[in-house]
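Enquirer: Take a look at this one; I'll ask things after.
The values are calculated or read from the model by the stated rules, or taken from the named source; none is laboratory data. Predicted model only: the values in this text are computed from it and were never measured. Glycine also receives a Cβ, built like all others from the backbone with ideal geometry; neighbour counts cover every protein chain displayed.
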């Protein structure tokens, strides 16, 4: 399965993300803020990043923007997790977010968003 970086400043949220994704067979690295998440991204090179939008030091928008600027892995899927923005928010598109997952969400919603981003692209004919 995939290596997933989950960044959220709420310990309970990180625990839920790690538990649900771990039970689905994924390896999970968690980070308590955007600065740690960026360092972990560069160190671990995850297959996907889940990040809360509202975090200290570096918020989810800035984290996504930094990931997009990383020459080694600019195409890493980034899912913004939030309870405060509309999924169609222009900022998510501007920073290149792959998807937005709105809180509250179910474990099934989380896994569906992750699997959709990890699925190989369907070839066009």
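Enquirer: Considering the range 16-31 alone, what residues qualify as being in contact with a helix residue (DSSP H, G or I) (Cβ under 7 Å, 6 or more places away or on another chain), outside any helix (DSSP H, G or I) and more than 10 Å from residue 63 (Cβ to Cβ)?
Expert: 24, 28, 29, 30
Enquirer: Please go through the range 32-45 and give me each residue that is farther than 19 Å from residue 83 by Cβ and touching a helix residue (DSSP H, G or I) at 6+ places or on another chain (Cβ under 8 Å), ordered by number.
Expert: Residues satisfying the conditions are 38, 41.
Enquirer: For the range 1-15, does any single residue satisfy the condition of being under 20 Å from residue 111 (Cα atoms) and modelled with pLDDT under 95?
Expert: There is at least one residue in the range 1-15 that is under 20 Å from residue 111 (Cα atoms) and modelled with pLDDT under 95.
Enquirer: Name the residues in the range 1-14 that are part of a helix (DSSP H, G or I) and touching a residue at least 12 places away in the same chain (Cβ under 8 Å), would you?
Expert: 11, 13, 14 - these are the residues of the range 1-14 that are part of a helix (DSSP H, G or I) and touching a residue at least 12 places away in the same chain (Cβ under 8 Å).
Enquirer: Testing residue 107 on (1) in contact (Cβ under 8 Å) with a residue 60 or more places away in the chain; (2) crowded, with 20+ Cβ neighbours inside 10 Å, one condition comes back false. Which one is that?
Expert: For residue 107, the failing item is (2).
Enquirer: Separate question: Looking at (1) surrounded by fewer than 17 Cβ atoms within 10 Å (Cβ to Cβ); (2) in contact (Cβ under 8 Å) with a residue 12 or more places away in the chain; (3) out of contact with any strand residue (DSSP E or B) (no Cβ under 8 Å at 6 or more places or on another chain), find the lone condition where residue 54 falls short.
Expert: Condition not satisfied by residue 54: (3).
Enquirer: Considering only residues of the range 67-81 that are touching a helix residue (DSSP H, G or I) at 6+ places or on another chain (Cβ under 7 Å) and surrounded by 17 or more Cβ atoms within 10 Å (Cβ to Cβ), which is farthest from residue 25 (Cα to Cα)?
Expert: If we take residues in the range 67-81 being touching a helix residue (DSSP H, G or I) at 6+ places or on another chain (Cβ under 7 Å) and surrounded by 17 or more Cβ atoms within 10 Å (Cβ to Cβ), then 67 is farthest from residue 25 (Cα to Cα).
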